[in-house]
Amino acid sequence: MTLITTPFNARTTASEVLAGIDLTGRRIIVTGGASGIGLETTRALRAAGAEVTVATRRPAPGERALDLSDLASVRAFAAGWTGPVDAIVANAGIMALPARQVAANGWELQLATNFLGHFALITGLRDHLRRNGGARVVVVSSGAQLREPFHFDDPHFERRPYDPWAAYAQSKTAGVLLAVGLARRWTGDGIAANAFEPGYVRTNLQRHLDQDTLRAAGLLDDEGGPLTPGHFTTPEQGAATAVLLAASPLVDGVTGRFFSHDNQEAEVVRGGPDVMTGVASWSVDPDAADRLWDHASRSVE
């Protein structure tokens, strides 16, 4: 399979990806669209003419409440939606919670928020997504999916020791498997689904990290002041691949793929602690995608 390429790179901004594209009349939902990469995704889509609904836990005027860790909140959001949806950008997420926490349904909180809430939202809006034809689902994953497969035998760390980064990585692998599962099931509805990793971007996602971790990552100086390492990109650059997959004609008809933060499709590789680029084979495994879909479906019934 030939990898998809685009004329953009890791320093391209979201507004540059959408330059000259008119999204007037398009209705797009961005979860977590009030800050960081989500905010820049929202800004670029609106600037191109789209009607963007920001779904967030703490809505400001003009935004809609949505707590992805609470399935009742997700069901209420989907039930209250009217009219078509042209794209959903599943952007909201949490990272590296220092201690194990669970949602009301017993799921480990990172997995419940980053994956299951989005699964429930997207499947709950299926009829709205297929109304106009050509709808797109974009799942914001992470390079962390290279570190951890989905552990079907103990996804919620009930028996194995809890590890903040393993839990985060598993949730991001699950997000890629969600896109693969959607592509396997919904192509006939005219709905495309893809995932991507935005690279290293300083946002509120790092809020749960302690100072030693932040300092080791080069995000704090010796006095505790903020730093931005040279390999980090800006939130607007991090949002470029989100809007590419949500709205660019360059990827019309593309589904079930994984893109890197340089706006190119990623090569499938073997995952592991020393692998730095690509998408892990376990993240795009169709059998794992089907198994996870069935597991999630039972949990949201």
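Under the criterion of Cα pairs below 8 Å and six or more residues apart, the relative contact order for the range 57-206 equals 27 percent.
Rounded is the label for the chain, because a/c, from the alpha-carbon gyration tensor with a ≥ b ≥ c as root eigenvalues, stays below 1.5. Can you compute the FRET efficiency between Glu51 and Asp252 using 1/(1 + (r/R0)^6), with r the Cβ-Cβ distance and R0 = 22 Å? Round to the nearest 0.05. Calculated value: 0.60. The accessible surface of the chain, taken with every protein chain in place and a 1.4 Å probe, is 49 percent carbon and sulfur. This model, with +1 at the C-beta of Lys and Arg and -1 at the C-beta of Asp and Glu, gives the chain a dipole about its Cα centre of some 720 debye.
Extension gain, Thr234-Arg58: 0.36 nm per intervening residue step, less the Cα-Cα distance, totals 61.0 nm. Of Trp282, Pro235, Asn105, which is farthest on the positive side of the dipole of the chain, counting Cα position, with +1 on Lys and Arg Cβ, -1 on Asp and Glu Cβ, and the Cα centre as origin? Looking along the dipole axis, the top candidate is Asn105. Counting only DSSP H runs of at least 4 residues, each contributing -39500 (n - 2.57), and dividing by the residue count of the chain, the helix-based mean residue ellipticity at 222 nm comes to -9000 deg cm²/dmol.
Assign one of three labels to the range 96-186, namely rounded, prolate or oblate, based on the Cα gyration tensor with a ≥ b ≥ c the square roots of its eigenvalues; rounded applies when a/c is under 1.5, prolate when it is not and a/b is larger than b/c, and oblate otherwise. Verdict is prolate for the range 96-186.
Among 187-199, 236-248, the peptide with the highest mean count of other Cβ atoms within 10 Å heads the list, and the full ranking is 236-248, 187-199.
Restricting to the chain, compute how many DSSP beta bridges are antiparallel as a %, nearest 5. Here the antiparallel bridges make up roughly 10 percent for the chain.
Quick check on the range 22-162: take the gyration tensor over C-alpha atoms, sort the square-rooted eigenvalues as a ≥ b ≥ c, and tell me if it's rounded (a/c under 1.5), prolate or oblate. Display every interim value, and only then the final one.
Details: a/c = 1.94, a/b = 1.79, b/c = 1.08.
Because a/c hits 1.5 or more and a/b exceeds b/c, the range 22-162 counts as prolate.
Rolling a 1.4 Å probe across the protein heavy atoms gives the chain an accessible surface of 43 Å² per residue.
What percent does the relative contact order of the chain come to when contacts are Cα pairs within less than 8 Å and at least six residues apart? Computed value for the chain: 23 percent relative contact order. Over all other residues within a Cβ to Cβ distance under 14 Å of Val269, the charged ones net out to -3, with Lys and Arg as +1 and Asp and Glu as -1.
The values are calculated or read from the model by the stated rules, or taken from the named source; none is laboratory data. Note that this is a predicted model, so its numbers are computed, not measured. Don't worry about glycine lacking a Cβ; one is built from the backbone with ideal geometry, like all the others, and counts go over all protein chains shown. Side chains are part of the model used for accessible areas, which takes the heavy atoms of the whole protein and leaves out ligands, DNA and RNA. Shrake-Rupley method; radii C 1.70, N 1.55, O 1.52, S 1.80 Å.
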